[in-house]
1. Quick check, is Ala251 out of contact with any Ser or Thr (no Cβ under 8 Å at 6 or more places or on another chain) and either assigned to a loop (DSSP other than H, G, I, E, B) or more than 15 Å from Val314 (Cα to Cα) (or both)?
2. Could you please find all residues in region 161-196 being closer than 30 Å to Leu151 by Cα and small (Gly, Ala, Ser)?
3. Restricting to region 258-290, give me the number of residues that are open to solvent by 60 Å² or more (accessible area, probe 1.4 Å) and in a strand (DSSP E or B).
4. Please indicate, with yes or no, whether at least one residue in region 211-234 is touching a helix residue (DSSP H, G or I) at 6+ places or on another chain (Cβ under 9 Å), under 27 Å from Leu298 (Cα atoms), charged (D, E, K, R) and in a loop (DSSP other than H, G, I, E, B).
5. Are any residues in region 135-147 surrounded by fewer than 17 Cβ atoms within 10 Å (Cβ to Cβ) and farther than 10 Å from Gly32 by Cβ, and if so, which ones?
6. Restricting the first residue to region 204-215 and requiring it to be more than 20 Å from Gly174 (Cβ to Cβ), which pairs with a second residue that is open to solvent by less than 80 Å² (accessible area, probe 1.4 Å) and modelled with pLDDT under 75 meet a Cβ separation below 8 Å and a spacing of at least six or different chains?
7. Does Ala150 satisfy the condition of being small (Gly, Ala, Ser), surrounded by fewer than 19 Cβ atoms within 10 Å (Cβ to Cβ) and either over 21 Å from Pro23 (Cα atoms) or in contact (Cβ under 8 Å) with a residue 12 or more places away in the chain (or both)?
8. Which residues, counting only those in region 311-342, are assigned to a loop (DSSP other than H, G, I, E, B) and farther than 30 Å from Val38 by Cα?
Amino acid sequence: MSSGPTLTPLGDALARLLAGLAPVAAETVPVGAAIGWVAAGTVRAARALPARSVALRSGIAVASADLVGASPYTPALMASAPRRLFHGDDLPDGADAVLPADAVTVSGSVHEIGQAAYPGEGAALAGSDLAQDAVLVAGGVTITAEMALALALSGITTVAIRRPCIAVTGDSAGGEAAWLAARLSAAGCAVVTAPPADLTLHLAADPAGITVDLSGIAVRPGGDMALSGDAAGRMLVLAPRFDAVVTGFYALVLPFVAGATARRPRLVSRPLTRKIVSQVGLADIALLRHTGDAFEPLGIGRVTLSALLAADAVAILDPASEGAAAGAPLAAIPVTEPFEPL
């Protein structure tokens, strides 16, 4: 791989990688199989939940309005026995609360309740769990187990997702390939070990035998990268060292995944706790840690394991910049939730 004055600006390399990129085709899968994948569109509740008020405990169904002011000294008198319910039973018409079964006592033919109740006590009232037309899944978010539960309880059995296929190949002796696979999986990608794929990430110190269209990218660290292929078979070659892999992921791979899933990288801006200095002409990577409402720089142009373990966000510094002063705002990508939804 080349270096020095022949380095390609990061912006040019990114434009080459993303040229012709369109979101991967949406596919419909069962709700239970959608967890961990990116929703292709927004899904709303077709009906309110619960459809009818239900008991949240075993007891007696009551109308709270009938028990206003009720106490052991002035019990409410009922002509008939309140209906007994078990957890999950529908409340009868007119009832809006469930009291413990021992709240009612019988005196001859009269049933006495010596305590008040409030609407929804011991019960989930109709529509209280979920409103009709509520957003269950927003387009572009990663579907969670909780979202899948809401979809299933709403009667939705399938959902459309996007899942780019990324191959991680080459040197897997260290932990870099496993780190990449974990990050890609968290980003909603299907990770495979060989092409064909939407993008291949090849870990190799020497790209011998690989046709390289663009070699050497002006980014620190890990500028010794190479790009090859086209929209039908893109490949990014990375040196098999963690700092190069981390840089390649945030500088090039993450924008690719965003485009392939119809999202965009999320940027959070915070002031710096201290001055940072970067090298003009190179796009330096900066690892950052949240400190109150600010970013504390952990490393500029160098990725150490200690900084990687502590980092909450990653910024790619403009190659025209010499750095930033203490207190200046800096936009960075959060390590968790690095994407904006549709």
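The values are calculated or read from the model by the stated rules, or taken from the named source; none is laboratory data. The structure displayed is predicted, hence computed values, not measured ones. Backbone-built Cβ (ideal geometry, glycine too); neighbour counts: all protein chains shown. Heads up: the accessible areas ignore ligands, DNA and RNA and are worked out on the full protein's heavy atoms, side chains in. Shrake-Rupley method; radii C 1.70, N 1.55, O 1.52, S 1.80 Å.
1. No; evaluated as a whole, the condition is false for this residue.
2. Ala181, Ala182, Ser185, Ala186, Ala187, Gly188, Ala190
3. 5
4. The answer is yes; a qualifying residue exists.
5. Within region 135-147, Val135, Ala138, Thr144, Glu146 meet the criteria.
6. Note: pairs meeting the criteria are Val212/Met1; Ser215/Met1; Ser215/Ser2; Ser215/Pro207.
7. No.
8. Across region 311-342, the qualifying residues are Pro319, Ala320, Ser321, Glu322, Ala325, Ala326, Gly327, Ala328.
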